[in-house]
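What follows is a set of notes on a single structure, which appears directly below.
The values are calculated or read from the model by the stated rules, or taken from the named source; none is laboratory data. Keep in mind it's a predicted model, so treat the numbers as computed, not measured. No Cβ is skipped: glycine too gets one built from the backbone with ideal geometry, and neighbour counts run over all protein chains shown.
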């Protein structure tokens, strides 16, 4: 029943899509799932494996039903395989952006309490965000949607694959480990605005202490749960009251929920690692980790990953020592190092941030590419399924028209699960179709004497029992609330 | 003075020698220190690249560019085998020097309150020791157009070197433009309050200057002193370009219509990539563009994903002269060093690479009125240039040497580099994961 | 021999604009209040075309009503001797008068913002409970919004679900007829449903300040409710242990969890709908989702839950504002939805998902039938359309033995329509509710143009005078505007002119009140006089027009045509 937007205009998409004629749409709900050919083979590409095999010239990659089946020269493929000529092209794993807010509805922060471990990004995934399509066009195939950094213990994250068109539950990528956002420093202590009612804590020692307190509470809560009777005895025993916040924090202590903590400064990163150690677990990653290079050895020893952005610095007092050489030093010291976007625009050109890891500190280009693919996937516990071009991995690959770390290159095709979700030619077809459709609809609106926007706005405002706060702006700009929220968020919180 | 170039690496040395205007001759005067950069591939921008070539510099200026040039025997010779030489990037619109840490209000001077700020001159607040300047220089941004940012009439911008012992020394061109932010509300409202306010101030300024001229000619009383109205004189006389800011294609059109009715014919449009939709009009009217942010998200949901990336190509194909800028404000100021990559990404979307280079060197210099001093490697121009180990629009490329007005800049002193050198010793690691 | 009680329908001019006025005009109860004592309550609508239920037609017959209940329907039934007979004479060529079952509005939100006895602050919630969690809240007689009930009646609705407006878990609603006599005189089910939404926040600094926070709060609350009933049961069996804490009102959620009453979730958009479908995982719950008109966009996902009831608003967007054919700014999404929205009811019907239609979100239900006709034009089967506003909601409300059809034993809720009901400009001449007739009185065409800015003085008696500014915009036949009192501006919900009288209604919330303010002004040139009522009592009105009508506020369309003329 989908793909029926306009009986006049889109009737051609009603037909079952063929691989070569499949055309996406700028609305997710109106985008047909691209077909998954039984077999696809890329021929004679320069393959960046993101494995120990390195960069492989003149190599074929065979995909069977959504998985990478073989990598090597002159592969034999089924006769009905879709052949894609990769000569002169580079094939890389799909980019994994492990710090994103690009598809979250209704606010990226639950900024109220110092701990909001009970909130879940999973509940508010914006499958319709145009960011998904735009990031596919930049070669991104998986993004990790994180809660914001307004509180010491934020909400639970959701990792999604960019299956443009699918509803939220089908975007969720279960191979990634579940995780939760923490935050240290200026944001949780509310340094850069003046709240009418300040929230405890207002200092870094307070943030460290609040985290410790919450861990202890959760340990006690878990002990109560463990002590509660089960089976027949439970019928006559008042059970402990469920507390979803404590549930989540207890899962951290049990090692079921990974901590990904926003932090800039060396001191607080070190302190968080020590707190975790005292509760018997390890922090999974430090996000942004601007001063990671100052304590890289300690990070490597703890086993924490460093997920950083390479450029942003000096936007806060705690970011003055951020340097582009950070990934190079962390990587050299043995820290599992990745690059992330934290920004829906930057996410479209993550390959150039990897290139900057080469520029600043001379990281080997293949290693730099791993920082946005293999290592990024490893940090969210999905490295066994995505992030590398190797047998058995999901067929999430990107075909570039040149060196993938070159500014002069662009993405020609982006595949997720062996489906071609972005194709430069299909995109240009879509742009043409959209232009024509707009023309037709505008002509019709002019025929019907399009109403003044003031009236439209007034009538929405006057509608009781139905709140359309964002609709007007959304219609004007084509943006959805999550994007507006995020822009606002970036302006005020810069992370 | 033999070692001047190297003993005062971070500040301009040649400045001390320039007591008077001097002719630059192919064979430099005997008292001038001559530096020869040789064995590089030289990219003059104004002409095709020359392999195994020399650039001869003296007294802060380029003396000659070519192959097998005559050079004085005592010239300082720097061998740049395997390197490429380019004129420094000219950032066409930024607030470098006016901001340090954007979330700390005390360090930010980017946005004046009030609507009419015609008498502001930004150069007087440029902090020559800002940490952001060395970071930009390390990225090859050696000259920048510093713009004001508050209200409707925002004041005068300035073209500046990014290195110097004071803003005064850094100044290349004061009053490079008078900036007006065209009110978007005026697109479909003739009675727009903001536009009426601009018009009214301009009318008063015309009256003031008329009265002032009359007084000078002995035909009337001198009008009362008014700095703002007086400051609008160069704009009204066409001496200072009108730098007209607009963010949406229909606002740009309205802004240009308005500029026509006001009689402004020295106009530079400071515009978002949406400017591509009025490219032919700009070409016809010969109006240059400062293009803000190839790295902008498409303005509308239904705009193509590549809408911003391809804007430079569209302008180039239409015959518009343009300079590529970043977002000019906010977090992009600290990252002005990324300017060349914006041009690089435009190449990915069809812009000719040579034009992309021009759009961050020669064209901004020309649009800003300093094309006779900067933007290309030609005799007589300022010796503001850098060497790199690859194409400078590529992020993988490293910039290895920088000269500003002939003085070698010490890249190893840049803060990020200092921290890198310190901590990589501290955390050598065993091997990569 | 016709009994003298027979009243022919009033002659009306047949100009289209006058028909519109007839639809807008207020309903008046015929008879009754002046007589103080009961009147006979047996009526017959005689020799009318009858649509007793969707898909059924009696070309000519009678409907007999006694004491508010339908006694007989058909072509060959006897007219009781004690009945008052209503006949509707028609000129040759006029469409026949048709009697339809009264429409049922399945979701009509009324303002139940809690206030603490006149104070502006909401009352403190019970200990341990969040202010947005009010599952035990109920609709009270004081909430009855007389003028909005009147608007529903004028649109052809005779029964409605009145739903609470405030909170994440909002409490129960009522099923009620829409006659005179307030809640007590009309209520059918005083406690219906549990109404919920994810669309409320506490503001930036208090939990929840985000959508995901709201979801987390509702999730925790349902857990707490389930825990509470389990804990209380355990404690009842074994009192020799600490008594579990008691959270007041959470037990009101039990019947929504176990299906005793529907769980009605208000959805903001198509993703909210998917969120609700995923959230409500209680085996027994009877989920209904109040939608948004975008259901067509994610239909295949909705079809995975074929037992969920959808209440779909007929709130079609107005034509987008377009500058010219090359306008890049108008969004494609807005254009598409404007174009596609009228297809939504048909698509929902074809999907087989249980669907009811609602005027929810339309502000005033005036355009409900017009939009329904548009949906039919787009392919919705007319019988299905009628069912979606009669028999389907009756089934959902467990009222199919009492409402939704014209049959013996049913409540006497009827519409008398000149011609067809589902047309662009339907002419409803009578609405019958519980056997009471509400006749649509005619109003006069405007004789004055009140458009302009009026400086008014509100005489509040002992409380003194208050200055106000009334801005009327548009045209006499299509009025809008605002009222500003002491710097607070509020839009007019409804404004119209009859002869030289202007009537305007607005919500008093922006002036700190609760309820409707009604203004009545008689216009003479640039002077106005009249009176008004509101939550602060009655007041007098007098004033002058300060800015004349026909201000240069041209619409975009007018601007365009002017430009083209040049």
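Overview of values
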quantity: Whichever residue in segment C:58-69 is in contact with a strand residue (DSSP E or B) (Cβ under 7 Å, 6 or more places away or on another chain) and farther than 15 Å from residue C:86 by Cα and, among such residues, is surrounded by the fewest Cβ atoms within 10 Å (Cβ to Cβ); calculated: C:59
quantity: Selection count, segment A:378-395, where residues are part of a loop (DSSP other than H, G, I, E, B) and closer than 18 Å to residue A:256 by Cβ; calculated: 4
quantity: Filtered residue count, segment C:100-144, keeping only those that are closer than 23 Å to residue C:414 by Cβ and either modelled with pLDDT under 85 or in a loop (DSSP other than H, G, I, E, B) (or both); calculated: 2
quantity: Some residue of segment C:191-203 being surrounded by fewer than 21 Cβ atoms within 10 Å (Cβ to Cβ), modelled with pLDDT of 95 or more and more than 8 Å from every other protein chain (Cβ to nearest Cβ); calculated: yes
quantity: Criterion (farther than 20 Å from residue C:542 by Cβ and modelled with pLDDT of 85 or more) met by exactly one of C:476, C:445, C:491; calculated: C:491
quantity: Hits in segment B:187-205 (condition: within 30 Å of the chain's Cα centre (by Cα) and in a helix (DSSP H, G or I)); calculated: B:194, B:195, B:197, B:198, B:199, B:201, B:202, B:205
quantity: Of residues in segment A:88-105 being surrounded by 24 or more Cβ atoms within 10 Å (Cβ to Cβ) and over 17 Å from the mean Cα position of the chain (by Cα), the one farthest from the other protein chains (Cβ to nearest Cβ); calculated: A:91
quantity: Options C:253, C:353, C:299; residue that is under 21 Å from residue C:379 (Cβ atoms), touching a residue at least 40 places away in the same chain (Cβ under 8 Å) and more than 9 Å from every other protein chain (Cβ to nearest Cβ); calculated: C:353
quantity: Selected residue [touching a residue at least 12 places away in the same chain (Cβ under 8 Å), buried (at least 24 other Cβ atoms within 10 Å of the Cβ), within 14 Å of another protein chain (Cβ to nearest Cβ) and outside any strand (DSSP E or B)] from B:130, B:136; calculated: B:136
quantity: Residue check for residue B:308: in a helix (DSSP H, G or I) and closer than 30 Å to residue A:30 by Cβ; calculated: no
quantity: Residues satisfying the stated conditions in segment A:304-323, i.e. within 7 Å of chain B (Cβ to nearest Cβ) and either surrounded by fewer than 24 Cβ atoms within 10 Å (Cβ to Cβ) or within 21 Å of the chain's Cα centre (by Cα) (or both); calculated: A:311, A:312, A:315, A:316, A:317, A:320, A:321
quantity: Residue among C:310, C:337, C:346 that is more than 7 Å from every other protein chain (Cβ to nearest Cβ), within 25 Å of the chain's Cα centre (by Cα) and more than 18 Å from residue C:267 (Cβ to Cβ); calculated: C:346
quantity: Segment B:226-277, residues that are over 14 Å from residue B:186 (Cβ atoms), touching a residue at least 60 places away in the same chain (Cβ under 8 Å) and assigned to a strand (DSSP E or B); calculated: B:242, B:243, B:268, B:270
quantity: So residue A:126, is it within 30 Å of residue A:369 (Cβ to Cβ) and more than 8 Å from every other protein chain (Cβ to nearest Cβ); calculated: no
quantity: Near pairs, Cβ below 6 angstrom, 6+ apart or cross-chain, from segment A:102-131 (closer than 13 Å to residue A:168 by Cα) to any residue that is assigned to a helix (DSSP H, G or I) and at pLDDT below 95; calculated: A:104/A:482; A:105/A:482; A:126/A:482; A:129/A:482
quantity: Failed item in (1) within 14 Å of residue A:259 (Cα to Cα); (2) crowded, with 23+ Cβ neighbours inside 10 Å; (3) more than 13 Å from the chain's Cα centre (by Cα), with residue A:158 passing the rest; calculated: (3)
quantity: Any hit, segment B:416-431, residues being crowded, with 17+ Cβ neighbours inside 10 Å and within 24 Å of the chain's Cα centre (by Cα); calculated: yes
quantity: Which numbered condition residue C:428 fails, given (1) under 21 Å from residue C:153 (Cα atoms); (2) touching a residue at least 24 places away in the same chain (Cβ under 8 Å); (3) assigned to a loop (DSSP other than H, G, I, E, B); calculated: (3)
quantity: Residues located in segment A:373-408, provided they are at the interface with chain B (Cβ under 9 Å from one of its Cβ atoms), touching a helix residue (DSSP H, G or I) at 6+ places or on another chain (Cβ under 6 Å) and surrounded by fewer than 24 Cβ atoms within 10 Å (Cβ to Cβ); calculated: A:408
quantity: Matching residues, segment C:472-503, being under 16 Å from residue C:529 (Cα atoms) and surrounded by fewer than 17 Cβ atoms within 10 Å (Cβ to Cβ); calculated: C:499, C:500
quantity: Total residues in segment B:63-75, condition surrounded by 18 or more Cβ atoms within 10 Å (Cβ to Cβ) and either in a strand (DSSP E or B) or out of contact with any strand residue (DSSP E or B) (no Cβ under 7 Å at 6 or more places or on another chain) (or both); calculated: 3
quantity: Of residues in segment C:153-189 being under 11 Å from the mean Cα position of the chain (by Cα) and free of Cβ contacts under 8 Å to residues at least 60 places away in the same chain, the one farthest from residue C:98 (Cα to Cα); calculated: C:162
quantity: Residue satisfying all of: in segment B:90-118; more than 14 Å from chain A (Cβ to nearest Cβ) and in a loop (DSSP other than H, G, I, E, B); nearest to residue B:367 (Cα to Cα) among these; calculated: B:118
quantity: Extreme residue, farthest from the chain's Cα centre (by Cα), among residues of segment C:276-297 that are in a helix (DSSP H, G or I) and surrounded by 22 or more Cβ atoms within 10 Å (Cβ to Cβ); calculated: C:297
quantity: Leading residue by the ranking (nearest to the other protein chains (Cβ to nearest Cβ)) among those in segment A:414-449 that are touching a helix residue (DSSP H, G or I) at 6+ places or on another chain (Cβ under 7 Å) and outside any helix (DSSP H, G or I); calculated: A:449
quantity: Wholly enclosed strands (runs of 3 or more DSSP E) of segment B:375-433 bearing at least 1 residues under 13 Å from residue B:62 (Cβ atoms), more than 9 Å from chain A (Cβ to nearest Cβ) and at pLDDT 95 or above; calculated: B:385-388, B:399-404
